[in-house]
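Only one structure is covered here, and it is reproduced in the block below.
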Amino acid sequence: SPQETAKKHAAEAAIPFIEKGSIVGVGTGSTVNYFIDALAAIKFDLEGAVSSSDESTRRLKALGIPVYDLNGVPEISVYVDGADEINRHLQMIKGGGGALTREKIVAAVAKRFICIADKSKFTKQLGDFPLPIEVIPMARSYVARELVKLGGDPVYREGFVTDNGNIILDVHHLDILKPIAFEEILNNITGVVTNGLFAARPADIALLSDGSSIETLKR
Ligand code: DER
């Protein structure tokens, strides 16, 4: 499909940013899966990877790319990941794939966050995509009530458990006018592990593809 072509095109455009002999931070999702496939072609120039999900770890190992524990890696120069939405400030909504906590952790460590996406992910105002929030299971109902007070419509992602054993609420109808401030408000709700607003720490570079050309956005 045109969107899959665009995802693959954006993913391959990230390869030149990977330094030889480095440990690359790898995100999660269908766009990243194309990136992992492209990494396999340069795996002998790589020291290895740090992964943001069991799924990406599985794919990396299947292609013979060593996967390191983040605690054993002093620094990560480049983190490559997708987004569900991204705005002109390179702030994102992530978590569609349910890996937002480890994604946010590896992104926090990385010196440069490169977002790879098909152009349809670009938006003027974040929030059309339901905001994923990872929640400690016993706090689900309490957090849902707090999100309603904030004007959201939280939907429990039934039957889904994150790699960390938590649940996800997807919050619809949020008007996110001040992403950084709102991210802090969400972080302060007891029981919230991670919210999918990547605003305080946005991407540094976005590679957006329409399938034939790459638009490079920089902060
Ligand atoms: O879940 C995630 O954060 C993914 O990175 C998501 O934001 C992008 O997934 P996609 O590449 O499959 O659209």
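List of remarks:
- Annotation: of all residues in segment 55-72 being within 14 Å of the ligand (Cβ to nearest atom) and either basic (Lys, Arg) or touching a strand residue (DSSP E or B) at 6+ places or on another chain (Cβ under 7 Å) (or both), the one that is nearest to residue 187 (Cα to Cα) is 56.
- Residue in segment 13-22 that is within 16 Å of the ligand (Cβ to nearest atom), modelled with pLDDT of 95 or more and under 14 Å from the mean Cα position of the chain (by Cα) present: no
- In summary, helices (runs of 4 or more DSSP H) completely within segment 97-212 and bearing 3 or more residues that are among the charged types (D, E, K, R) and under 17 Å from residue 28 (Cα atoms) occur at 100-109.
- Residue match in segment 144-161 (condition: touching a Lys or Arg at 6+ places or on another chain (Cβ under 7 Å) and away from the ligand (no atom under 12 Å from the Cβ)): yes
- For segment 1-27, filtering for residues that are over 22 Å from residue 100 (Cα atoms) and either in contact with a Gly (Cβ under 7 Å, 6 or more places away or on another chain) or without any contact (Cβ under 8 Å) to a residue 60 or more places away in the chain (or both) leaves 12.
- Residue in segment 37-54 that is within 12 Å of the ligand (Cβ to nearest atom) and either modelled with pLDDT under 95 or in a helix (DSSP H, G or I) (or both) present: no
- Residues in segment 73-101 that are away from the ligand (no atom under 16 Å from the Cβ) and in contact with a Ser or Thr (Cβ under 7 Å, 6 or more places away or on another chain): 77 alone.
- Matching residues in segment 15-35 - criterion: being under 17 Å from residue 163 (Cβ atoms) and part of a helix (DSSP H, G or I): 32, 33
The values are calculated or read from the model by the stated rules, or taken from the named source; none is laboratory data. All figures in this text were calculated on a predicted structure; none of them were measured in a lab. Quick reminder, even Gly has a Cβ in these numbers, built from the backbone with ideal geometry, and neighbours come from all protein chains shown.
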